[in-house]
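Just below is one structure, and these are the notes that go with it.
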Amino acid sequence: MNVAIVGAGKLGFKVAEALLGGDYAITMIDKNEDVLHKLSQHLDVMTINADAKDIAVLKNTNINTFHYLLAVTDNDETNIVISAFAKKLGCRHVIARVREPEYMNQFDFIKETMHIDSIINPDLAITVEIYKYLAEKYTLSNGIFTSGKISLIEFPSKRFPKLVGRSIPEVGEYLPNMLIAAISRNGKVIIPHGNDHIQNGDFLYVVGEKDQIISLNKKVHEKGRYTNLQKVMIIGGGKTGFYLAEKLSEFGAAVKLVEKSKERCRYLSTHLNNVMVLHSDGTDISLLEEENMNEMDAFVTATGYDEENLLLALTAKQHGIADVISKVSHESYKGLIERMGVDVVLNPLDITASNILRFIQGSKKIISSLLIQGQAEIMEIIAHSHMTMIGVPLAELELPDGVLIAAIHRGKDVIIPTGTTKIELHDKVIILSLLSEIGDLEKLLKNKN
């Protein structure tokens, strides 16, 4: 399957890297020859040093033979134009990255007018995940995500003290016919294995038959945890801060938005309703304390600097704020984040790449999906006869460490699988995958030769 990616920046690189795990031929187009040269040293892709706004370039690339074109340059208008041109020239599906808030309420009109199949907005995507965590806790109002007869629940290990210190195999004694599909520990989501142990402070994601999960929920549900959000402080009035302040204000929370640019503050104060905009440097802790930082239910750091976001997040945790979320783009900070105790760290690059990959890979396979803290995805697929995983014991699938077959819905039965379980035709399969493993997951979902 041919995929063209216009824009060889971080997002273009990440999507190309993930797709190369499947059966995709990638063509990267960019005006910067040096960037393309560096990219070609790491990835096995075809590169074209040209301006994709030139119709001749698209024609010479034979864009009419491509299944997908992804326009992710740093300019919204360029992405829209290139996508529209490619679609007109015969590319089957086109995706454009559009970031400016002014376009947000016009996405449907732009897609219809310019014949663009999908528009992705990184700042809006990360906002949605933060909002879900704060206002919805990823799930429904009662804390349970349900698909057919299979349900998922998230709860802190402290609500089930007998689990703390237990190994994953031992957990089965306390959670019969249920499976711990994922653990969120110090802001990082992990897929547990047999040698892992439940720790105090972990958040557990448990999958099982609906009635059993509902029964478990009665024991571990934290009253008010899913709706008791009243005061939020956001540091950074960029696009993410703007979108998030708007959504949380509409939700009914009292929002304080701190931004150090006076000009940006003027924009925010005229475009946001019922949001207190404070002109100050977010690193001024005395100012934050004067603004009752300690009374906040949640604290979000969304400046353009990872180091600043992490430092402020750590400070917020030291002030006893229940939910602290930090926007961080650098993968190299993961080890540091694990030791800091920040509740959730979200990478806009990961979330946006996941949305793009879901569109490209899962339009026909994935019937529903749910992101966990922007780091892992739970998806439900229908197994068909051409999939490589049909009829093979799970133990022989050589699943990556970051991929787990969590449950199978077969007819009226719910199956919590073991190593000997085989996926059968028409099964509804619940799969959990870290976003970093999406390329390897595609190998499991692809057709047999």
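Overview of values
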| item | result |
| --- | --- |
| Single residue of segment 275-287 satisfying the filter (in a loop (DSSP other than H, G, I, E, B) and not hydroxyl-bearing (Ser, Thr, Tyr)) that is surrounded by the fewest Cβ atoms within 10 Å (Cβ to Cβ) | 284 |
| Condition check for residue 269: over 25 Å from residue 154 (Cα atoms), open to solvent by 10 Å² or more (accessible area, probe 1.4 Å) and either small (Gly, Ala, Ser) or without any contact (Cβ under 8 Å) to a residue 24 or more places away in the chain (or both) | yes |
| Contacts under 6 angstrom Cβ, first residue in segment 161-184 being on the phi > 0 side of the Ramachandran plot, partner open to solvent by 40 Å² or more (accessible area, probe 1.4 Å) and at pLDDT 95 or above, 6 or more apart | none |
| Residue that is nearest to residue 151 (Cα to Cα) [pool: residues in segment 416-429 that are β-branched (Val, Ile, Thr) and open to solvent by 40 Å² or more (accessible area, probe 1.4 Å)] | 416 |
| Matching residues, segment 249-266, being at pLDDT below 95, over 18 Å from residue 291 (Cβ atoms) and not in a loop (DSSP other than H, G, I, E, B) | 250, 251 |
| Boolean, residue 129 is acidic (Asp, Glu), at pLDDT below 95, crowded, with 16+ Cβ neighbours inside 10 Å and assigned to a helix (DSSP H, G or I) | yes |
| Hey, residue 210 under 21 Å from residue 328 (Cα atoms), surrounded by fewer than 21 Cβ atoms within 10 Å (Cβ to Cβ) and touching a Ser or Thr at 6+ places or on another chain (Cβ under 8 Å) or not | no |
| Within segment 173-195, considering residues that are outside any strand (DSSP E or B) and open to solvent by less than 40 Å² (accessible area, probe 1.4 Å), the one farthest from residue 430 (Cα to Cα) | 187 |
| Hits in segment 49-77 (condition: β-branched (Val, Ile, Thr) and either under 23 Å from residue 359 (Cβ atoms) or in contact (Cβ under 8 Å) with a residue 40 or more places away in the chain (or both)) | 61, 63, 65, 72, 73 |
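Every residue, every condition in (1) open to solvent by less than 50 Å² (accessible area, probe 1.4 Å); (2) touching a Ser or Thr at 6+ places or on another chain (Cβ under 7 Å); (3) acidic (Asp, Glu), yes or no:
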residue: 4; (1), (2), (3): yes, yes, no
residue: 9; (1), (2), (3): yes, no, no
residue: 16; (1), (2), (3): yes, no, no
residue: 24; (1), (2), (3): yes, no, no
residue: 52; (1), (2), (3): yes, no, no
residue: 59; (1), (2), (3): no, no, no
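The values are calculated or read from the model by the stated rules, or taken from the named source; none is laboratory data. From a predicted model like this one, the values you see are computed outputs, not experimental measurements. Cβ coordinates were reconstructed from backbone atoms using ideal geometry, including for glycine residues, and neighbour counts include every protein chain displayed. We work out accessible area using only protein heavy atoms, side chains counted, and drop any ligands, DNA or RNA first. Shrake-Rupley method; radii C 1.70, N 1.55, O 1.52, S 1.80 Å.
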